[in-house]
1. Rounded to two decimal places and with Rh computed the Kirkwood way over Cα pairs, what is Rg over Rh for the range 213-259?
2. Would you mind ranking 251, 64, 192 by Cβ crowding within 10 Å, fewest neighbours first?
3. Helix 190-202 sits at what angle to the longest principal axis of the chain, using alpha carbons and giving 0 to 90 degrees rounded to 10?
4. Relative to the longest principal Cα axis of the chain, at what angle does helix 86-112 sit, 0 to 90 degrees, rounded to 10?
5. Between residue 220 and residue 107, what is the label-to-label distance in nm when each label sits 7 Å out along the Cα-to-Cβ direction?
6. Please report, largest first and rounded to whole Å, the three semi-axes of the ellipsoid equivalent to the range 88-169, where each semi-axis is the square root of five times an eigenvalue of the C-alpha gyration tensor.
7. So what's the convex hull volume per residue for the Cα atoms of the range 39-157, in Å³?
8. Find the all-direction average of the projected area of the Cα convex hull for the chain, expressing the result in square nanometres with one decimal place.
């Protein structure tokens with residue numbers, strides 16, 4: 001989202017803000033994502049009685065707030081601290097930190113590849129035209145490579161620099177799942193069919209995932225799948241298992257998943 005002097009948050013939106021000052025009737029804050037001021041009325045500071053506002057909001061403190069009212073004509077934004085749940089706070093702060101890191105990566109790349117502001121903004125808009133956030137795109141490039149950016153229209157030079165920057169500054173958590181299969185073949189060259197089935201299973205991995213196969217002890221083999229999240233790992237594991245079983249059956253053997 002492009003932020004201009006006319007941009008305001010939406011009612012109900014969660015925003016990150018920095019406490020600017022406290023007064024008897026509330027706390028003034030600066031909305032980090034919008035660059036404008038807002039007020040947390042004392043009644044919206046806490047669910048309990050507020051004896052001292054500074055016990056809940058200190059100058060310079062980062063807080064997650066919910067937007068209650070917006071008056072564009074008067075330039076006023078009323079906010080609530082007490083209506084934000086612990087989970088909402090954690091999720092919003094994580095999103096904000098990711099956004100800050102993504103912006104830092106973009107700017108450091110710009111320093112390596114001197115670019116005028118219009119071109120730089122166009123690059124950001126190309127990314128946001130396809131993805132929800134710059135950070136998400138950078139994460140994808142770590143797994144899928146430079147083509148994530150070249151497909152959006154970025155030059156090879158920018159795509160390579162952004163991908164290299166992302167890989168050096170973003171650490172992606174991985175999920176690993178395992179499954180055990182049993183493959184048998186009554187044919188004289190059955191071992192060849194089993195090896196082919198296992199190789200076929202390994203080839204199912206899409207970019208950003210890894211499939212490794214270990215012999216537990218014939219006829220049992222363990223498949224280990226690593227992906228960026230549980231859902232992807234689960235899908236790839238199922239596809240690898242199905243491919244191995246289908247491959248061995250195609251040459252007259254038998255296969256099944258045993259765990």
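1. 1.01
2. Numbers: 251 15, 64 21, 192 12.
Lowest count first: 192, 251, 64.
3. With both axes taken from Cα atoms, the answer is about 10 degrees.
4. Helix 86-112 sits roughly 80 degrees off the main axis of the chain.
5. Going by the 7 Å Cα→Cβ label model, 5.5 nm.
6. Each semi-axis is the square root of five times an eigenvalue, giving 20, 14, 12 Å.
7. Dividing the Cα hull volume of the range 39-157 by its residue count gives 160 Å³.
8. With the hull built on Cα positions only, its mean projection is 19.5 nm².
Values in this text are rule-based calculations from the coordinates and carry no lab data. Please read all numbers here as calculations on a predicted model, not as lab measurements. Because the Cβ atoms are built from the backbone with ideal geometry, glycine has one as well, and the counts that use them run over all protein chains shown.
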